[in-house]
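K.L.:
Have a look at this one.
The values are calculated or read from the model by the stated rules, or taken from the named source; none is laboratory data. Just so we're clear, the structure is a prediction, and the values are computed from it rather than from any experiment. Here Cβ is always computed from backbone atoms with ideal geometry, including for glycine, and neighbour counts include all displayed protein chains.
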Amino acid sequence: MGDEKQPATPDLWVGGAAVYRGLLDRAAQEALLGEVRAVVRAAPLFSPDTPYGKPMSVRMTSAGRYGWYSDRTGYRYADRHPSGADWPPIPQGALAVWRRVTAAARGPECCLVNFYGEGARMGLHQDRDEADFSWPVVSISLGDEGLFRIGGTTRRDKTQSVWLQSGDVVVLGGAARLAYHGVDRIRFGSSTLLRDGGRINLTLRVVD
């Protein structure tokens, strides 16, 4: 990792999103996974409901000044875990990725941690609960491969898909910042990073 002033060069572009293949090597993945486990110990994973009353298939938690939250009253950021505890600090390994792939003058205020078990998915959605969409969203994949799908700024726009592997990083910025995106499925057991299988996705965001 490093603190380069110029962001790294993407390996490919998918639907306007920059994809960095294998930005984190195995050692860096293991180090970041250790930090994520510390986050989960301080702020355990929970299963949120959508505003429509349907439970999400992913389990989640957060780190940073804010955590992302969902229940029947809507999608929003909260300053505390559902238990009432403060969110733990964002992992240093995740902050290093942010610095490497963005030229952003601000650091992220939220690191959303999504855990995909066998059969879990994430429907197409926009990241639009933030105050200023000029800041990018950075996504880090750890563990099993996930089929990432991205479209345009309306649900009817054509979509493209790419399999993301452990250590890959995606940046949604510019015209792609409000693109609809999701994870259609994972290849459970395709990675040996997580002993019992599954995929972890870390999403870094500027909130205010």
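K.L.:
Being modelled with pLDDT of 95 or more, under 17 Å from residue 125 (Cβ atoms) and not polar (S, T, N, Q) narrows it down to one residue among 39, 14; which is it? Give the steps one after another, and end with the answer.
P.N.:
Values: 39 fails: under 17 Å from residue 125 (Cβ atoms).
So the residue among 39, 14 that is modelled with pLDDT of 95 or more, under 17 Å from residue 125 (Cβ atoms) and not polar (S, T, N, Q) is 14.
Yes/no matrix, rows are residues, columns are (1) more than 30 Å from residue 74 (Cβ to Cβ); (2) in contact with a helix residue (DSSP H, G or I) (Cβ under 6 Å, 6 or more places away or on another chain); (3) polar (S, T, N, Q):
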position: 9; (1), (2), (3): yes, no, yes
position: 12; (1), (2), (3): yes, no, no
position: 22; (1), (2), (3): yes, no, no
position: 25; (1), (2), (3): yes, no, no
position: 30; (1), (2), (3): yes, no, no
position: 39; (1), (2), (3): no, no, no
position: 44; (1), (2), (3): no, no, no
position: 48; (1), (2), (3): no, no, no
position: 56; (1), (2), (3): no, no, no
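K.L.:
Going through region 63-78 one residue at a time, which ones are over 17 Å from residue 125 (Cβ atoms) and in contact with a Leu (Cβ under 7 Å, 6 or more places away or on another chain)?
P.N.:
none
K.L.:
Please verify whether residue 106 is outside any helix (DSSP H, G or I) and more than 20 Å from residue 14 (Cβ to Cβ), treating the condition exactly as stated. Give the steps one after another, and end with the answer.
P.N.:
Numbers: outside any helix (DSSP H, G or I): yes; more than 20 Å from residue 14 (Cβ to Cβ): yes.
Yes: the conditions hold for residue 106.
K.L.:
Looking at region 48-61, I want the residues that are of a type in the set (D, E, K, R) and have a partner that is not in a loop (DSSP other than H, G, I, E, B) with Cβ atoms under 6 Å, at least 6 apart or on another chain. Which pairs are those?
P.N.:
Between residues of region 48-61 that are of a type in the set (D, E, K, R) and residues that are not in a loop (DSSP other than H, G, I, E, B), the close pairs are 49/55; 49/71; 59/115.
K.L.:
Go through the residues of region 191-199 one by one and say whether even a single one is buried (at least 16 other Cβ atoms within 10 Å of the Cβ), in contact (Cβ under 8 Å) with a residue 60 or more places away in the chain and part of a strand (DSSP E or B).
P.N.:
Yes; the residues of region 191-199 include at least one that is buried (at least 16 other Cβ atoms within 10 Å of the Cβ), in contact (Cβ under 8 Å) with a residue 60 or more places away in the chain and part of a strand (DSSP E or B).
K.L.:
Further question: With among the basic types (Lys, Arg), at pLDDT 95 or above and within 23 Å of residue 206 (Cβ to Cβ) as the only criterion, which of 99, 59 stands out? Can you show your working first?
P.N.:
Values: 59 fails: within 23 Å of residue 206 (Cβ to Cβ).
None of the other options fit; the residue is 99.
K.L.:
Tell me yes or no: at least one residue of region 157-177 is among the basic types (Lys, Arg) and either under 26 Å from residue 79 (Cα atoms) or in a strand (DSSP E or B) (or both).
P.N.:
yes
K.L.:
Show me the strands (runs of 3 or more DSSP E) found entirely inside region 1-101 where at least 2 residues are crowded, with 20+ Cβ neighbours inside 10 Å and among the small types (Gly, Ala, Ser). Walk me through it before giving the result.
P.N.:
Values: elements: 12-14, 17-20, 59-64, 67-71, 74-78.
In region 1-101, the matching strands (runs of 3 or more DSSP E) lie at 17-20, 59-64.
K.L.:
Considering every residue within region 162-175, establish whether at least one is within 22 Å of residue 50 (Cα to Cα), among the hydroxyl-bearing types (Ser, Thr, Tyr) and modelled with pLDDT of 95 or more.
P.N.:
Taking every residue of region 162-175 in turn, none turns out to be within 22 Å of residue 50 (Cα to Cα), among the hydroxyl-bearing types (Ser, Thr, Tyr) and modelled with pLDDT of 95 or more.
K.L.:
Among the residues that make up region 115-130, is at least one of them free of Cβ contacts under 8 Å to residues at least 60 places away in the same chain, more than 21 Å from residue 55 (Cβ to Cβ) and buried (at least 19 other Cβ atoms within 10 Å of the Cβ)? Walk me through it before giving the result.
P.N.:
Filtering region 115-130 down to residues free of Cβ contacts under 8 Å to residues at least 60 places away in the same chain leaves 123-126, 128.
Among the residues that remain, those that are also more than 21 Å from residue 55 (Cβ to Cβ) are: 128.
If we keep only those that are buried (at least 19 other Cβ atoms within 10 Å of the Cβ) as well, we get none.
For region 115-130, residues free of Cβ contacts under 8 Å to residues at least 60 places away in the same chain, more than 21 Å from residue 55 (Cβ to Cβ) and buried (at least 19 other Cβ atoms within 10 Å of the Cβ): absent.
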